[in-house]
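Since the structure comes first, as structure tokens, the remarks are kept for the end.
Readers should treat all values here as calculations from the given coordinates under stated rules, not as data from a laboratory. Here the structure is a predicted model, which means the values were calculated and not measured. Because the Cβ atoms are built from the backbone with ideal geometry, glycine has one as well, and the counts that use them run over all protein chains shown.
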Amino acid sequence: MQQKAGTTNLTKNRIKPAVLLALAAVLVLAALAARVVFSDRKTEQVERDAYKLGTVVRISVYGQNRRSLDKAADDALERGITRLENEFSVNIASSEISRINSASRGGRQITVGGVPYDTGYLVGRALEIARETGGAFDPTVYPIVKLWGIGTDHARVPSDAQIADARSRISFGDVTVLKTNGTYEIKIGSRSRRQMALDLGGIAKGYVADVLAEMLRKDGIKCALIDLGGNIYVIGEAPQGRPWKLGIQHPHKPRGEYFGTVDVEDTSVVTSGPYERFFVKNGVRYHHIFDPQTGRPARSDLESVTIVSRVSANADALCTALFVMGFDKSAAFLAKHRDIQALLVRSDRTVFVTKGLESVFRLSDPSMKQETLK
Amino acid sequence: MRPRALVLTALLTSLALAFNIAEGLLPLPLPGVKLGAANVFALVALVLMGPRSAFSVTLLRVLLAWLVSANWFAFLCSLAGGLLATAVMVFVYVNYKSEFSLPWVSVAGAWAFNAGQVAVVALMVRDARMLFYAVPLLLIGTATGWVVGKLAEMLCQRVKKIERMDYR
Amino acid sequence: MKRGDRTMLILTVALFAVCLLMLGGHFFFAERDDLTAVISQNGRVLRTIRLKGAKAEEFTVKCAGGGWNRIRVADGKICMADANCPDRDCVKRGLLGTAGDSSVCLPHRLEIRLSGTPDVDGATY
């Protein structure tokens, strides 16, 4: 090969090795990459469906090891939901709540002891929220709930006298929770107030979601979606590596249709509205969110309330509370408690979002407007 | 390495790095995958200084790009693609210099670069369907490769004229 | 033009042609509205219905213990029109018409699920 002046000896003999070296390096790289990335990289999904808490419950967990996912999901279902349902449900005669309520029927100022942790804690928390919301959420509202029977086949419009009587038995101020030696004691009723009754229905699902999330996290789960009858808790990000995209139920369309979406991670989203449960009599719609003050379904200028919070129990209870409060009081409440994120749908089809949700909420119903709460 | 060669290598490496970062801003369907315009500087190094310098420029560029972006996925893609591209360009240029003009050598390099990147992506996500992305990528890479190759050719001609080149 | 250059040019043109072919093939064979509803009970698939252009129909699915669900197909959508389960959550779900939609009747272990990936990962209610 002719050598030009100033060029080095680039014969084929010296090039081939260089090229081969490069190719070999690429192959080694590819192999390394494959080894590092291949094994166990496929994300597994495990789902459990159940009929609990009076509704459809679904737990979806994602991760690498199928067996540990199965175990975590089963644990959550058994030791979480079932156990708590047996403590909280007013419809289960042997539950803690039923025990307290039947004791309360015995007379004035009853003290019930030996209340286990979850029930004791939750009743206490419910009372706190009742205080914070000026009674808009009230765990002692059961007499009214039972009277109207909304959601059962004997739903009816009670007489004014019946309503007045039931209302007289509602008073969250007359319930106290005391912690003694590892268990709780609940004092219910007073000299002037008897036959009170507790109902944790407005906060139980949220609490169960919190407990489940903690159980799953302790089991090492980093990615999961818990759906307790529409009360959603998400752990981590979606398996695709982006925030979870959750639809928010549209107040006027059938279940499953949403008016907007939120992109969230590691938090819970709860929506509440009068459309969930109601009955119609003589052309009037009576829904299930009662105003503890009036003993009747709350007359609110809100159609739907959504709360986004890391503590699902709070989200659940506040949903009810804010709906009862109505738009103005809710806006004031949210202005005071800046750590609570919410979406309020007002009767004029405007969606109000708190500042924290502005960037993650996307309205998808063109007939609605969006505004940010100050 | 003579000081001039050192300086030129450094210059070409930083230019390659700059181009690399700039192309990173272009939206492409696959993450971490680049068009490969930066490879032209390895070609310039090849022409002016030889295969070893070409590989140096490529390796240094890939490493620096990784330091800058901290994206190991893009690093692997660039490394595989870059080495393959440099190897192919060296092979073609050294053995068939008379039959290929620089722009087309650059195109050959671009093809190898994109093929290497797509192969890495397909392996990583364990999805052979990724390989289909190679076709449009190669096509655009052809255009980019040819253009920068032409620029390299003009650059090299000018440099050769200036100093009767011997940077080795 | 040098000999090698010509080869490269030919290869480039071939590449272009392949690209065009791929594009054409993609558009021609694209999944055309293949929304299918899969009805399964106890995990066993009972029926698969292609929703686009499906003729309107209604049928009942029974389950052990006297439970039943009435399923209706109309206008490219499907729904649980009625059921005798306690909460009728499945009926409340309404019409299923978008990819990934689903309605479950847990007490009767019956599920209708549409093909494709849903727009959202979950929805509150």
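What is the projected area of the convex hull of the Cα atoms of segment A:87-188, averaged over all directions, in nm²?
Here the figure is 6.9 nm², rounded to one decimal.
Report, in listed order, any pair from B:LYS150/C:LYS2; A:LYS52/C:LYS92; A:LYS222/A:LYS245; A:LYS52/C:LYS77 with a Cα-Cα distance greater than 21 Å. Please list the in-between numbers first.
Numbers: B:LYS150/C:LYS2 15 Å; A:LYS52/C:LYS92 17 Å; A:LYS222/A:LYS245 17 Å; A:LYS52/C:LYS77 29 Å.
Violating the 21 Å limit, Cα to Cα: A:LYS52/C:LYS77.
Just report the Cα centroid separation between segment B:7-23 and segment B:60-75, whole Å.
13
I'd like the isolated cysteines in the protein assembly as shown, meaning no second cysteine's beta-carbon lies under 4.7 angstrom from theirs.
Unpaired cysteines in the protein assembly as shown: A:CYS223, A:CYS319, B:CYS77, B:CYS156, C:CYS19, C:CYS63, C:CYS79, C:CYS85.
Which angle from 0 to 90°, rounded to the nearest 10, does the C-alpha axis of helix A:117-132 make with the longest principal axis of chain A?
On a 0 to 90 degree scale, this one is about 80.
Tabulate in residue order the Karplus-calculated ³J(HN,Hα) for segment A:355-361, using 6.51 cos²θ - 1.76 cosθ + 1.60 with θ = phi - 60°, rounded to whole Hz; enter x for Gly and Pro.
Per-residue couplings from phi come out as 3, x, 9, 3, 7, 10, 9 Hz.
Taking the convex hull of the Cα atoms, report for segment B:3-163 its projected area averaged over all directions, in nm².
For segment B:3-163, averaging the hull's shadow over all directions gives 8.9 nm².
Using 7 Å Cα-to-Cβ label points, what is the A:ASP301/C:TRP68 separation (nm, one decimal)?
Label at A:ASP301, label at C:TRP68, 4.9 nm between them.
Taking K and R as +1 and D and E as -1, what net charge do the other residues with C-beta under 12 Å from the C-beta of A:ASN101 add up to?
Values: positive: A:ARG99, A:ARG105, A:LYS146, A:ARG169; negative: A:GLU96, A:ASP199.
With Lys, Arg at +1 and Asp, Glu at -1, the net is +2.
What spacing in nm lies between the two simple spin-label points modelled at C:ASP34 and A:ASN65, each 7 Å away from Cα in the Cβ direction?
3.8
Just to confirm the number: angle between the C-alpha axis of helix C:3-28 and the first principal axis of chain C, 0 to 90 degrees, nearest 10?
Tilt relative to chain C: about 20 degrees.
Using only Cα atoms, what Kirkwood radius does segment B:1-76 have, in angstroms? Numbers along the way, then the final one.
Values: mean 1/r = 0.0796 Å⁻¹.
After inverting the mean inverse Cα-Cα distance, the result is 12.6 Å.
Give me the percent relative contact order of chain A, please, defined on Cα pairs under 8 angstrom at least 6 residues apart.
Details: 699 pairs, mean separation 52.5, N = 374.
After rounding, I find 14 percent.
If you average 1/r across every pair of different Cα atoms in chain C and take the reciprocal, what Kirkwood value do you get, in Å? Walk me through the intermediate numbers first.
On the way: mean 1/r = 0.0572 Å⁻¹.
Result for chain C stands at 17.5 Å.
Of B:THR86, A:PRO239, A:VAL115, which is farthest along the charge dipole of the protein assembly as shown in the positive direction, counting Lys and Arg as +1 and Asp and Glu as -1 at C-beta?
B:THR86
Mind checking which lysines have their C-alpha under 19 Å from A:LYS218, skipping anything on the same chain fewer than 8 residues away?
Within the straight-line cut-off, A:LYS218 pairs with A:LYS71.
Assuming a ≥ b ≥ c are the square roots of the Cα gyration tensor eigenvalues, decide whether the protein assembly as shown counts as rounded (a/c under 1.5), prolate (otherwise, with a/b larger than b/c) or oblate. Display every interim value, and only then the final one.
Working: a/c = 3.09, a/b = 2.47, b/c = 1.25.
Taking the square roots of the gyration eigenvalues as a ≥ b ≥ c, the protein assembly as shown is prolate.
Based on the Cβ-Cβ distance of B:LEU26 and A:GLU214, what FRET efficiency does E = 1/(1 + (r/R0)^6) give at R0 = 51 Å, to the nearest 0.05? Working shown, then result.
Details: r = 45 Å, r/R0 = 0.88.
It comes to 0.70.
So for the pair C:ASN84, A:GLU265, with labels modelled 7 Å out along Cα→Cβ, what separation do we get in nm?
Rounded to a tenth, the inter-label distance reads 4.9 nm.
Along the charge dipole of the protein assembly as shown, Cβ charges K/R +1 and D/E -1, which of A:GLN293, A:ASN65, A:ALA130 sits furthest on the positive end?
With unit charges placed on the Cβ atoms, the residue in question is A:ASN65.
Any idea what the dipole of chain A comes to, in debye rounded to 20, about its Cα centre with Lys/Arg Cβ at +1 and Asp/Glu Cβ at -1?
Numbers: 52 positive and 41 negative charges, 165 e Å.
Magnitude of the dipole: close to 800 debye.
Determine the dipole magnitude for chain B: charges of +1 sit on the beta-carbon of Lys and Arg, -1 on that of Asp and Glu, nothing else is charged, the reference point is the Cα centre, and the result goes in debye to the nearest 20. List each step's numbers first, then the result.
Values: 14 positive and 6 negative charges, 86 e Å.
In total the dipole reaches around 420 debye.
Specify the angular offset, from 0 to 90 degrees and rounded to the nearest 10, of the alpha carbon long axis of helix A:312-336 from the longest principal axis of the alpha carbons in chain A.
Helix A:312-336 sits roughly 80 degrees off the main axis of chain A.
Treating cross-link reach as a plain straight distance, find the aspartates and glutamates whose alpha-carbon is under 13 Å from the alpha-carbon of A:LYS205, omitting any fewer than eight places away in the same chain.
A:GLU85, A:GLU87, A:ASP118, A:ASP227, A:ASP316
Suppose R0 equals 41 Å; then what is the FRET efficiency for C:LYS2 and B:LEU64 from their Cβ-Cβ distance, rounded to the nearest 0.05? Working shown, then result.
On the way: r = 34 Å, r/R0 = 0.84.
With a Förster radius of 41 Å, E is 0.75.
Debye calculation, C-alpha points only, no solvent: report log10 I(q)/I(0) for segment B:51-134 at q = 0.22, 0.23 Å⁻¹, in the same order as the q values.
-1.00, -1.05
Of B:SER106, B:SER56, B:PRO136, which is farthest towards the positive pole of segment B:3-163's charge dipole, taken about the Cα centre with +1 and -1 on the beta-carbons of Lys, Arg and Asp, Glu respectively?
In segment B:3-163, that residue is B:SER56.
Quick check on chain A: what are the equivalent-ellipsoid semi-axes from the Cα gyration tensor, as sqrt(5λ), descending, whole Å?
Numbers: eigenvalues 595, 130, 58 Å².
For chain A, the semi-axes come out at 55, 26, 17 Å.
Over the Cα atoms of segment A:297-374, how large are the radius of gyration and the largest Cα-Cα distance (Dmax), in Å?
Calculated on Cα positions, Rg and Dmax stand at 11.7, 34 Å.
If r is the Cβ-Cβ distance from A:ARG108 to A:ARG242 and R0 is 56 Å, what FRET efficiency results, to the nearest 0.05? All intermediate terms of the calculation are to be shown ahead of the outcome.
Values: r = 57 Å, r/R0 = 1.01.
In this case the efficiency is close to 0.50.
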